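What follows is a set of notes on a single structure, which appears directly below.
All of the numbers you see were taken from the coordinates with simple rules; none came from a lab. Just so you know, these numbers come straight off a predicted model, no measurement behind them. Because the Cβ atoms are built from the backbone with ideal geometry, glycine has one as well, and the counts that use them run over all protein chains shown.
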Amino acid sequence: MTGPDPETKMQFLFALRSRGVTDAQVLDAMEQIDRGPFVRGIFAERAYEDTPLPIACGQTISQPSVVGLMTQALQVSPRDTVLEVGTGSGYQAAILSKLARRVYTIDRHARLVQEARALFDALSLPNVTSLVGDGSFGLPDQAPFDRIIVTAAAEDPPGPLLAQLKPGGIMVVPVGQSDAVQTLIRVRKTQAGLEYDELRPVRFVPLLEGLGKDT
Ligand code: SAM
C-alpha cells in the first residue's frame, strides 16, 4: 500500500480543513489512515476526493469531511471504548482506532465485515473488533461505551444504544427519514438526562433491521 502522492495528500487534508475539520488529533488520524485501500474497483482512483463512494452490498464509504466532522463531534479520548454501528468499508473504524483505546464496529453485512477485518489486519490495527449483526441493538456484552457513532440514518436515536452509553458518554447519529436530508445530532448522557445538539444536515443510507443479503 503506497498511499497518495504528496500533492494529492495535501489537497485531501486541505479539503478536510476547509470543510471544518480542525481538530489536530482527528486530522492526524486521518493523515495516518490512507483512504485508498478502503475503496475498491473502478472507484479506487477517486479515493482522495471529498465525496462518498459506492462499496459492496449497495452501501457507501462516507465523504471524508463528514467522517472528520463526526469524529470531531465524538470527542474521543485515548482511554475510550467506542462502538461504531455501520462498519461499511472500515474507514471510520480505522480512524477511530488511532484515537481510542478500543473500537467495536458492527455491520449487518457479513461480506463488509470480512473485508474490513482483512484491512484492519493488513494495517495492524489490533484494537478494532468487527462483528456481524444488527447494530441497532448495540453490543450488550461489551457495553457500556464511552462513545457511540452510528453511520447510518435512524428515525430516532435507537433506545438500546442510548442505554449502552456510559454516564458522561457521547453518541453521534444522523436522524431523520432515510429518503430525505437528515440531521446529524450529538447526544450527551448527563446526570440530568440526555442533552441533544443538532450539528448539521447530512445524507446517509438508512439503518435497517436484521441481517443484510450480501452482494
Ligand atoms: N462507516 C462506514 C465507512 O467508514 O465506510 C460507512 C457506513 S455506510 C454509510 C452505512 C453502513 O451501515 C452500511 O455498511 C450498512 O450495511 C450499515 N447498516 C445499516 N443498518 C445497520 C444495522 N442495523 N446494523 C449494522 N449496520 C447497519
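Peptides 54-67, 189-202, ordered by how many other C-beta atoms sit within 10 Å of their residues on average, highest first, read 54-67, 189-202.
Report summary: the helix-based calculation at 222 nm, which adds -39500 (n - 2.57) for every DSSP H run with n ≥ 4 and divides by the residues of the chain, gives -8000 deg cm²/dmol. Within the shell of other residues whose beta carbon sits under 9 angstrom from the beta carbon of G168, the net charge comes to +2, with Lys and Arg scored +1 and Asp and Glu -1. Shape summary of region 77-147, radius of gyration then Dmax from alpha carbon positions: 11.0, 30 Å. Listed by chain and number, the lysines whose C-alpha is less than 22 Å from the C-alpha of K9, apart from same-chain residues fewer than 8 away, are K98.
Beta-bridge orientation, region 45-132: approximately 15 percent antiparallel, per DSSP, counting only bridges with both partners inside. Kirkwood analysis of region 6-202, using all unique Cα-Cα pairs, places the hydrodynamic radius at 16.7 Å. Share of pairwise Cα-Cα distances greater than 22 Å in region 98-215 is 38 percent (whole percent). Annotation note: GluC sites (Glu not before Pro) in region 79-188 located in DSSP loop regions with a Cβ neighbour count of at most 12 within 10 Å are E155.
For region 6-202, a crude dipole built from +1 on the beta carbon of Lys and Arg and -1 on the beta carbon of Asp and Glu, taken about the Cα centre, is about 320 debye to the nearest 20. Computing FRET efficiency as 1/(1 + (r/R0)^6) for A24 and T129, where r is the C-beta to C-beta distance and R0 is 35 Å, gives about 0.85. Within the chain, DSSP assigns beta bridges of which about 45% are antiparallel (rounded to the nearest 5). Each semi-axis of the equivalent ellipsoid for region 1-101 is √(5λ) with λ an eigenvalue of the Cα gyration tensor; in descending order they amount to 20, 17, 12 Å.
Segment T2..Q32, full-extension length gain: 9.6 nm, with 0.36 nm per residue of separation and the alpha-carbon distance subtracted.
Take every Cα pair under 8 Å whose residues are at least 6 apart in sequence, average their separation, divide by the length of the chain, and the relative contact order is 16 percent.
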